[in-house]
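The values are calculated or read from the model by the stated rules, or taken from the named source; none is laboratory data. Values in this document were obtained by computation on a predicted structure and should not be read as measured data. Glycine also receives a Cβ, built like all others from the backbone with ideal geometry; neighbour counts cover every protein chain displayed. Just the protein is used for accessible areas: all its heavy atoms, side chains included, with ligands, DNA and RNA removed. Shrake-Rupley method; radii C 1.70, N 1.55, O 1.52, S 1.80 Å.
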Amino acid sequence: MTTNTQAQAARLAVVSAGLSEPSSTRLLADRLAEATRSALAEQGVEAEVTTVELRDVATEIAHNFTTGFPGGALRGVIESVTGADGLIAVTPVFSASYSGLFKSFFDVLDNDALTGKPVLLGATGGTPRHALVLEHAMRPLFAYLRTVTVPTAVYAATDDWAASDDGLTPSLPGRIARAGGELAALVAPRTGAAARQPQAAEEEVVPFEQQLAALRVEE
């Protein structure tokens, strides 16, 4: 009889609250998703990525507050986010905090919907001075939702995209890679990846009396 030990693919949900197209928020979200996918691949785990642009469901999010029920598109987004093994959440910075659209989406979720879920946080803004939004605004929000946020959160200012030949400052790719690796480390065990690792052969248990007999000195 053949046993199928292939691990389930990891499901990653990426939430981008960028408003423009193209968007630096979506660009950062894509970079974080790719870093996480690469880190999972190194552990032998395939990743299925679903990316959500909140601007596409902004009207339904607003209607949800007045009706108490999500529309069809928003319902699908909620299912993708709550059913994922890991979440990447990225917002532009407005008025020194996350955007209203970003907050509104997480407000329509059940308070328990994300409990225990690994989350990677990201934000974009025009100036490096807003980098602390990750710590004073975003981490408290996701702590309230009882998620498990990875240690490294990534903020990208306008200058981070235009400071070198490849369009990135030297530090940004490193931060992205580190954050993706941390998220992958939390997501991989949730996929049953350990089932693909060869199991150590069971050691034969030697009875205690036999072990004592082997220590006796023959007279």
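Out of curiosity, is S171 at pLDDT below 55 and surrounded by fewer than 13 Cβ atoms within 10 Å (Cβ to Cβ)? Before the answer, list the steps.
Numbers: at pLDDT below 55: no; surrounded by fewer than 13 Cβ atoms within 10 Å (Cβ to Cβ): yes.
For S171, the condition - at pLDDT below 55 and surrounded by fewer than 13 Cβ atoms within 10 Å (Cβ to Cβ) - is not met.
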### Task
Could you please give the count of residues in segment 52-64 that are of a type outside the set (D, E) and open to solvent by 50 Å² or more (accessible area, probe 1.4 Å)?
4
### Task
Please work out which one of (1) in a helix (DSSP H, G or I); (2) without any contact (Cβ under 8 Å) to a residue 60 or more places away in the chain is the condition E48 fails and give its number.
(1)
### Query
Within segment 87-97, is there a residue that is under 20 Å from I176 (Cβ atoms) and assigned to a helix (DSSP H, G or I)?
no
### Task
Could you please give the count of residues in segment 24-46 that are out of contact with any Gly (no Cβ under 6 Å at 6 or more places or on another chain), within 19 Å of S99 (Cα to Cα) and crowded, with 19+ Cβ neighbours inside 10 Å?
2
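Please go through segment 174-200 and give me each residue that is open to solvent by 50 Å² or more (accessible area, probe 1.4 Å), at pLDDT below 90 and in a helix (DSSP H, G or I), ordered by number. Please lay out each step first, then the result.
Kept after step one, since they are open to solvent by 50 Å² or more (accessible area, probe 1.4 Å), are these residues of segment 174-200: 175, 177-178, 185-186, 189-190, 194-200.
Next, only the ones that are at pLDDT below 90 stay: 189-190, 194-200.
Within segment 174-200, P189, R190, A194, A195, R196 qualify.
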### Message
One residue is enough: does segment 73-84 have a residue meeting the conditions assigned to a loop (DSSP other than H, G, I, E, B) and without any contact (Cβ under 8 Å) to a residue 12 or more places away in the chain?
### Response
no
